[in-house]
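Asks: I have a structure here, written as structure tokens, and I will follow up with some questions on it.
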Amino acid sequence: MARYLLKSLSDALVHFEYVYLAPLFRRPPPQWIPVMVQSSQLVKKDTPFNINEIFDGYLWGVPTCRRSAEKRMMRKYGAANWHNKLILPRKDLKVCGSCGHYHEENRLCSNCYSKVKEETSALQEKMIKEQGLSPIDKEIAIVYQGEKQQYGDDFLKGVKVVEVEKPRPKWFSKNLLQKSGPTVELGNNETTAIKPHDLG
């Protein structure tokens, strides 16, 4: 209760000071207002209006010169030897020799790489399933379906064999140093013509 009375009393004092005491002790207005009034009264009404008197001493951010046609075209289209903004035909696209898809020059074919990536992930999952969490103490050999009879007993003696229940892809050669592709199984005189992808 006492707290409420003190708060109401302080609010009443603040209100009294603001309403009654503030006008008595108010500072006089600044001196530049009468100067402006006097100067406006001294201006003659017969003098012509000049806009330069109003904006004298100000620098406005507007262009002072017209932009030339060469600069306009440079900003719009760029330069051929510097930064060309035109949409030009690409000349660095090549046809993959294995699958016929287009890819950039000096880069891997994305279609072939996706196939290799899928096969590699499948082999890794198979190896993890066969090996488990036990440490790797032997070399691992990947054997596809129907290939175990081709290897001798001396090859499979000190190697952990991981069998894959599917035939080996044509592009995945047994020796990774050997050139792979559709022309590996052909004879020396036979060639194949691979058509580009998505061409009618």
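Asks: What residue, among those in region 89-105 that are open to solvent by 60 Å² or more (accessible area, probe 1.4 Å) and touching a residue at least 12 places away in the same chain (Cβ under 8 Å), is nearest to Glu165 (Cα to Cα)?
Replies: Of region 89-105, the ones open to solvent by 60 Å² or more (accessible area, probe 1.4 Å) are 89-91, 93-95, 98, 102, 104-105.
Adding the requirement that they be touching a residue at least 12 places away in the same chain (Cβ under 8 Å) leaves 93, 95, 98, 102, 104-105.
Working: Leu93: 37, Val95: 33, Ser98: 25, Tyr102: 32, Glu104: 35, Glu105: 36 Å.
Among those residues, the one meeting the criterion is Ser98.
Asks: Looking only at region 133-145, count every residue that is open to solvent by 100 Å² or more (accessible area, probe 1.4 Å) and under 21 Å from Lys170 (Cα atoms) and tell me the total.
Replies: Start the filter on region 133-145 by keeping residues that are open to solvent by 100 Å² or more (accessible area, probe 1.4 Å), which leaves 133, 135-139, 145.
Checking the rest, the ones that are also under 21 Å from Lys170 (Cα atoms) come to 145.
Number satisfying all stated conditions: 1.
Asks: Within region 146-156, identify whether any single residue is under 41 Å from the mean Cα position of the chain (by Cα), open to solvent by less than 100 Å² (accessible area, probe 1.4 Å), among the hydrophobic types (A, V, I, L, M, F, W, C) and modelled with pLDDT under 80, and answer yes or no. Full working, then the answer.
Replies: Residues of region 146-156 under 41 Å from the mean Cα position of the chain (by Cα): none.
No: region 146-156 contains no residue that is under 41 Å from the mean Cα position of the chain (by Cα), open to solvent by less than 100 Å² (accessible area, probe 1.4 Å), among the hydrophobic types (A, V, I, L, M, F, W, C) and modelled with pLDDT under 80.
Asks: May I pose another question? Considering only residues of region 68-84 that are within 24 Å of the chain's Cα centre (by Cα) and at pLDDT below 90, which is least open to solvent (accessible area, probe 1.4 Å)?
Replies: Asn84
The values are calculated or read from the model by the stated rules, or taken from the named source; none is laboratory data. Quick caveat, the model's predicted, so the values are computed rather than measured. When we count neighbours, we look across all protein chains shown, and the Cβ atoms used for this are built from the backbone with ideal geometry, even at glycine. Ligands, DNA and RNA are stripped out before the accessible areas are found, and what is left, the full protein with its side chains, is counted by its heavy atoms. Shrake-Rupley method; radii C 1.70, N 1.55, O 1.52, S 1.80 Å.
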